[in-house]
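> This is the structure I want to talk about, given as structure tokens.
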Amino acid sequence: MTYRSLLVLLDHDPLCGARTQVAMRRAKELDCHLVGVAPTGLVDVPASSEVATPLAQFTVLARSTLRDHAEQAAERFRDECRTAGVTSFEAVVDEADKAPSLVRHAHCSDLTVLTQADPTAPGLLASMTVPVLMSR
């Protein structure tokens with residue numbers, strides 16, 4: 001089977017580096033285009049007129065911070081791809097939560113590289129820490 005595009009999630013998770021390395025290696029092996037998607041996440045602000053001004057200020061700051069983190073992840077991905085010699089790649093900063101962003105971008109990719117959360121990390125319910133390749 002021929003793969004023309006591969007997708008990888010970019011974030012600040014400790015496993016992002018391993019996930020990105022697997023994605024870059026597979027993109028080079030398959031000679032396909034690699035897309036790194038960096039979702040910003042969303043800020044959920046309750047609608048209340050009593051706290052509208054402080055919440056508006058918080059929302060602007062929070063969105064800016066989330067965007068900055070996503071931009072940093074995207075830039076790190078670009079640098080790693082250049083260093084690794086990946087010939088065809090792009091980084092996309094998506095103003096969306098992780099799951100909807102991944103689903104939307106996976107529709108346009110032949111293969112998606114994900115990792116499961118570390119089961120020893122506080123507050124996470126997962127069972128594995130190895131990269132997982134998903135094909136559509």
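> Shape of the range 1-43 from its Cα gyration tensor (a ≥ b ≥ c, root eigenvalues): rounded if a/c is under 1.5, otherwise prolate when a/b > b/c, or oblate?
oblate
> If we sort 76-89, 2-15 on the protection proxy, mean other Cβ atoms within 10 Å, highest first, what's the order?
Result, highest mean Cβ count within 10 Å first: 2-15, 76-89.
> Still on this structure, please answer the following. Can you give the accessible area per residue of the range 1-104, in Å², using a 1.4 Å probe? Before the final figure, lay out each step's value.
Working: 6020 Å² over 104 residues.
Value returned for the range 1-104: 58 Å² of accessible area per residue.
> Over the range 1-110, what percent of the accessible surface lies on carbon and sulfur atoms, probe 1.4 Å?
Roughly 55 percent of what the probe reaches on the range 1-110 is carbon or sulfur.
> Turning to a different aspect of this structure: When a/c reaches 1.5 or more, the comparison of a/b and b/c decides; with that in mind, is the range 1-114 rounded, prolate or oblate per its Cα gyration tensor?
Working: a/c = 3.47, a/b = 2.29, b/c = 1.51.
Taking the square roots of the gyration eigenvalues as a ≥ b ≥ c, the range 1-114 is prolate.
> May I pose another question? How many angstrom lie between the C-alpha centres of the range 96-118 and the range 1-27?
10 Å
The values are calculated or read from the model by the stated rules, or taken from the named source; none is laboratory data. Every value quoted in this text rests on a predicted model; they were computed, and no experiment measured them. Ideal geometry is used to build each Cβ from the backbone, glycine not excepted, and the neighbour counts take in all protein chains shown. Side chains included, ligands, DNA and RNA excluded: accessible areas come from the protein's heavy atoms. Shrake-Rupley method; radii C 1.70, N 1.55, O 1.52, S 1.80 Å.
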